[in-house]
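J.: Sharing a structure here in structure tokens format.
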Amino acid sequence: MPELMRRLEMTSLTARVALGVAVLLVIGGVIVSIAAFAYGREAARSAFDRLLLGAASDIASAITVQDGKPVIELPVSAFELLAFAPDDRIGYRIIGPDGTTLTGYEEIALPENRRDLRDGYFDGAFFGEPGRYAIVSRRFAERTLNGTIRVIVGQTMLARNSMAYDITRKALYVLAVSGLAMILLAVVVVRSVLTPLERIAGSLSARDPHDLTPMDTAVPRETAVMINALNGFMARLDRQMNSMRHLISDTAHQLRTPVAALRAQADLFSDEVDLSRKEKIVERIQTRSAGLGRLLDQMLSQALVIHRGDSARRERVDLRDIALDVFEEGDHAVLNPEMDVVLDIGENPVEVLADAPSLKEALKNLLSNALKHGRAPVRIGASLNDGKAVIWVEDAGEGPDRQTLDELGSRFNRGGLARQASSGLGLAIAHSVAVSFDGELVLEPTDREQFRAALLFEVAPARTA
Amino acid sequence: MMTMTPSLRILLAGILVLLNCGPAAAQEMVADFGPEDAGQVLVLRSTTDIAIFEPVVETFLQTRPTVRLRYEQWGSNELYRLSRRDCHSNQPGADIVISSAVHQMVQLVNEACASSYRSRLTEELPGALRWRNELWGITREPAVMVYNRDLVPQGDIPQTRFDLLDLLRPSDTRYAGRVATYDIEESGLGYLFAFADAQEASTFGALQESFGRTRAISTCCSADIIRGVAEGQYLIAYNVLGSYAQGYQQQDERIGIVLPSDYTLVLSRALMIPKEARQKPLAEAFLDFLLSPEGTLALRTALLISPLLEAEDGNEGESLSSTALRPIGLSPALMVALDGLTRETFLRRWRATFPGP
């Protein structure tokens, strides 16, 4: 069964349409055939019933009364009328007022269930063949004969049946022709429906492998869904490719200077003979390599953020947990033990839809910026402000001057994030995270003479029960 | 095989004529053809005289050495009653029934007494000579007027029914009491012809009236009437079966034959295969034989397909336009002829015309 389902899913659209049309044609054909046959029978029945009635009336009107006895000379015209059904046998019976058969076949039985037999038709048998009969009554009110004489005329059904089959057959011809027309139409429709798909496939396969520009969306609405999804996918791919490209070039650029400096120091060290100066050089090498280590950390975390921003699944994250985690990891105590860091979180959850490691990385970078450039006390925390979820770092300094802030902002907007000092890289990471999760990075002085770096996000929708 | 010399045939015909009248309960004559020890016996019941049909049967048997054919000759009314009784009691009787009283045959077919058969040859028959694929017309025999060549002057020979009416009209006509026709109460064929006449034209009413006024003779049987004309007992016979008349004429030059040119009824003897027939395939073979060129030729030789109906025949001035030929078609309309009340009404009128001897 799963095999069958799988095969069904892989069935081509053409085959599906063909199957649908075939089923439609078969069911429709059967229904129309039955209807045509029913109609044919009805038409034949009414046509030949009238012949019967005509013949019976003809015979009834030929009855006369002579000497108190009904006298009949069967009109040949009545039988010629019946001979319109050339191969059918004819039965007739004329019943007198007293119920005796005056002439004709006594074998013809009147229907029993009708007591007061009126004029009309009934089905019966005639010498073993099914037959159809008409009854016509004629009343006589003579001095010598008073009563009703009934004339029954019947016929076998060969002509009726052949007429019914004939009508059915003609209807089936029409049906076959229209079925053929439907199949042709279906072929045309399927081809025209599948053309856009073929065009899309064609343009995709003809594409340059590096071309990730969006595809033309001037396609039928149904296929536009697919094109839009494809375009979205390609845009993400494009973003990631760009990020990687930038990361690689940034990394190369940023590593070149410190590594060159290190080598220079190392060269100096090997050339130096004075021990005290050698010591100084070692000291310098140590600071340099520590800085290089930090730079590497940051670059890796940026790579991580960029990667996760596009690929990680968004989860419900409480920003207070992020602040708490960063606070408790206590990197700041190692790096800048002289600075006081205060955690400031409330009781209400501050939930957003985002990726916890990315957020943590961003917050860490903001914190380390504050520790490096700001003044104690430094506070980190998470809160709800004006309907936005905010995670922030504050310090008591003035922060960068207005001009630097403006420059930073424009740089972020240009996307050239990382070509600057490590503080810029930290902000760049925070900015990337903010953008990845539809938030923003705000750097501004607070009204309490403090500088705040904050990430603002949309609050996650309330959890449904 | 049974062979007959022409003189024997005439003798036999004479015997038949004697036996032909009267309500015979049994068959009038039986003849067996073919070898005594034949494996198959085909029973044929017919109203046709054995002598006339014999050559046809002989031709049929020529190619079938293992078949024996028993030919029973019946009067039409007896044949009808017998066939009907066999049919309704589901008793096997004849394998083939051939009757000149086609209305009775139509009635039998109508009562589901016949079995159906189709072949290329039966399909070739015109629609009027075939009904339900159960009844087939195998002969073409006109109803003719016969006159005595010696006693009827050339100018008096009636070419139409109107001529006959004119002959009978004068009160002192010499044809009074000397015109003969069938007694339709006795002869099924006579009744059929009279009935067809009544359907065909109003002339028949006038003719009947004239017959009555001039005390025409109604008597039985073709051969009887024709012989009467030849011998001068009657001067003119009306509605005589052309095949018998022509057959008689070949032996006896004293009679002349006229096909009425106003219209001539053409009878096709009807053949049916009863549904209880024991030798159906053989019966069907016989039917196909009768319809085949070979059988048609045999029937033509026996005068059952009348040469009179063909333009090139020897009789002077007898060729008719085809519109004057009125075949009595095999259709259920013929059932009217057999209807009891209708027949009674018809016969009552007939009796009023012929008060009887």
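J.: Say a paramagnetic label sat at a point 7 Å from the Cα of B:S171, along Cα to Cβ; which residues of region B:187-230 have their backbone N under 15 Å from it?
T.: B:213-214
J.: Would you pull out the residues with amide H under 5 Å of B:I217's amide H, same chain only if 5 or more places away, H placed 1.01 Å from N?
T.: Those qualifying (amide H under 5 Å, at least 5 residues apart or on another chain) are B:V179, B:A180, B:T181.
J.: Go ahead and estimate [θ] at 222 nm for chain B from helices alone: -39,500 (n - 2.57) per DSSP H run with n ≥ 4, summed, over the residue count, rounded to 500.
T.: So the calculated ellipticity at 222 nm is -12000 deg cm²/dmol.
J.: Further question: Provide Rg over Rh for region A:157-266; use the alpha carbon set for both Rg and the Kirkwood Rh (inverse mean inverse pair distance).
T.: Answer for region A:157-266: 1.59.
J.: Can you give the calculated 222 nm mean residue ellipticity of chain A, where each DSSP H run of n ≥ 4 adds -39,500 (n - 2.57) and the sum is split over every residue, rounded to the nearest 500 deg cm²/dmol?
T.: Value at 222 nm, helices only: -20000 deg cm²/dmol.
J.: In whole Hz, with x marking every Gly and Pro, tabulate ³J(HN,Hα) for region A:44-60 from phi via Karplus 6.51 cos²θ - 1.76 cosθ + 1.60, θ = phi - 60°.
T.: 3J(HN,Hα) across region A:44-60, in whole Hz: 4, 4, 5, 4, 7, 4, 5, 4, 4, 4, x, 5, 5, 5, 4, 5, 4.
J.: Further, regarding this structure: As a test of understanding, state the convex hull volume per residue of the protein assembly as shown from its alpha carbons, in Å³.
T.: 355 Å³
J.: What is the set of long-range amide H partners of B:S115 at a cut-off below 5 Å, with H atoms built 1.01 Å from backbone N?
T.: B:I273, B:K275
J.: Sort B:D163, A:D211 so that the residue with the fewest other Cβ atoms within 10 Å of its own Cβ comes first and the one with the most comes last.
T.: Arranged by neighbour count, lowest to highest, B:D163, A:D211 become A:D211, B:D163.
J.: Related question: What ³J(HN,Hα) values, in whole Hz, does the Karplus curve 6.51 cos²θ - 1.76 cosθ + 1.60 give for region A:126-140 when θ = phi - 60°, with x put for Gly and Pro?
T.: The phi angles translate into 9, 6, x, 10, x, x, 10, 10, 10, 10, 10, 9, 9, 8, 10 Hz.
J.: Taking a ≥ b ≥ c as the square roots of the eigenvalues of the Cα gyration tensor of region A:312-465, is the shape rounded (a/c under 1.5), prolate (a/b larger than b/c) or oblate?
T.: Because a/c hits 1.5 or more and a/b fails to exceed b/c, region A:312-465 counts as oblate.
J.: Provide the per-residue ³J(HN,Hα) series for region A:398-404, in order, calculated from phi with Karplus coefficients 6.51, -1.76, 1.60 and θ = phi - 60°, each as a whole number of Hz, with x at glycine and proline positions.
T.: 8, x, x, 6, 4, 5, 4
J.: Could you give the angle, 0 to 90 degrees to the nearest 10, between helix A:275-311's Cα long axis and the longest principal axis of the Cα atoms of chain A?
T.: 10 degrees
J.: Number of Lys-Lys pairs in chain A under 24 Å by Cα, sequence gap 8 or more or different chains?
T.: Summing the qualifying lysine pairs gives 5.
J.: What base-10 log of the normalised intensity I(q)/I(0) is obtained for region A:15-165 from the Debye formula, alpha carbons as equal point scatterers, at q = 0.14, 0.20 Å⁻¹?
T.: Each listed q corresponds, in turn, to -0.71, -1.20.
J.: Quick one: grab the alpha carbon gyration tensor of region A:204-319, order the square roots of its eigenvalues as a ≥ b ≥ c, and give me rounded if a/c is under 1.5, else prolate or oblate depending on whether a/b is larger than b/c.
T.: Cα axes put region A:204-319 in the oblate bin.
J.: Put one equal scatterer on each alpha carbon of chain A, apply the Debye formula with no solvent term, and list log10 I(q)/I(0) at q = 0.07, 0.13, 0.14 1/Å to two decimals.
T.: -0.64, -1.15, -1.24
J.: Right, another one. What nm distance separates the two modelled labels at A:K280 and A:D401, each placed 7 Å from Cα along Cα→Cβ?
T.: Once both label points are built, they end up 3.2 nm from each other.
J.: Also, I was wondering about something else. For helix A:319-329, what angle does its Cα long axis make with the longest principal axis of chain A, in degrees from 0 to 90 and rounded to 10?
T.: 40 degrees
J.: In degrees from 0 to 90, rounded to the nearest 10, what is the angle of the helix A:422-436 Cα long axis to the longest principal axis of chain A?
T.: Once rounded, one gets 10 degrees.
J.: Working only with C-alpha atoms, what are the Rg and Dmax values of chain B, expressed in angstrom?
T.: 19.8, 65
Every number in this text was worked out from the coordinates using simple rules, so none of it is lab data. Note that the structure is predicted; figures quoted are calculated from it, not measured. As a convention, Cβ positions derive from the backbone with ideal geometry for all residues, glycine included, and neighbour counts pool all protein chains shown.
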